[in-house]
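The values are calculated or read from the model by the stated rules, or taken from the named source; none is laboratory data. None of the values given here were measured: they were computed from a predicted structure. Cβ: placed from backbone, ideal geometry, glycine included. Neighbour counts: every protein chain shown. In case anyone asks, the SASA skips ligands and DNA or RNA and just uses the protein heavy atoms, side chains included. Shrake-Rupley method; radii C 1.70, N 1.55, O 1.52, S 1.80 Å.
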Amino acid sequence: IRILKLEAAPTDAELYASFIEAKLSEAPPYEAISYTWGVAVLSESLHFHASQVKITESLASALRNFQHKDRERVIWADAVCIDQNNDVDKGA
């Protein structure tokens, strides 16, 4: 599985993260979040130091609410942890 390691942010700054890939049985502790899907307008960005992924406003809002100001947070959010363009990944 892919798990999101959300970087700390002392302010309401840009969202930065990286992925942890692990077998489900060996994954580090993580929290799964739920958020409103809403309209699929990808108006926000989640930055991965070498790239970025467009995300919905509702996911960005959820990540900001769950983000710690002083330490990383390990989260599973389906919209980014599952490749939404890959039917095999979504089915697994």
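Observations
- Qualifying residues in the stretch 28-39 (those that are closer than 13 Å to VAL80 by Cα and open to solvent by less than 90 Å² (accessible area, probe 1.4 Å)) - the one farthest from the chain's Cα centre (by Cα): TYR35
- Residues in the stretch 14-27 that are assigned to a loop (DSSP other than H, G, I, E, B) and exposed (fewer than 11 other Cβ atoms within 10 Å of the Cβ): 1 in all.
- ALA40 being touching a residue at least 12 places away in the same chain (Cβ under 8 Å) and assigned to a loop (DSSP other than H, G, I, E, B): yes
- Residue in the stretch 50-71 that is open to solvent by less than 40 Å² (accessible area, probe 1.4 Å), in contact with a Cys (Cβ under 7 Å, 6 or more places away or on another chain) and in contact (Cβ under 8 Å) with a residue 60 or more places away in the chain present: no
- Pairs meeting the criteria (first residue in the stretch 8-31 and without any contact (Cβ under 8 Å) to a residue 12 or more places away in the chain, second residue part of a loop (DSSP other than H, G, I, E, B), beta carbons under 7 Å, at least 6 apart or on different chains) are lacking.
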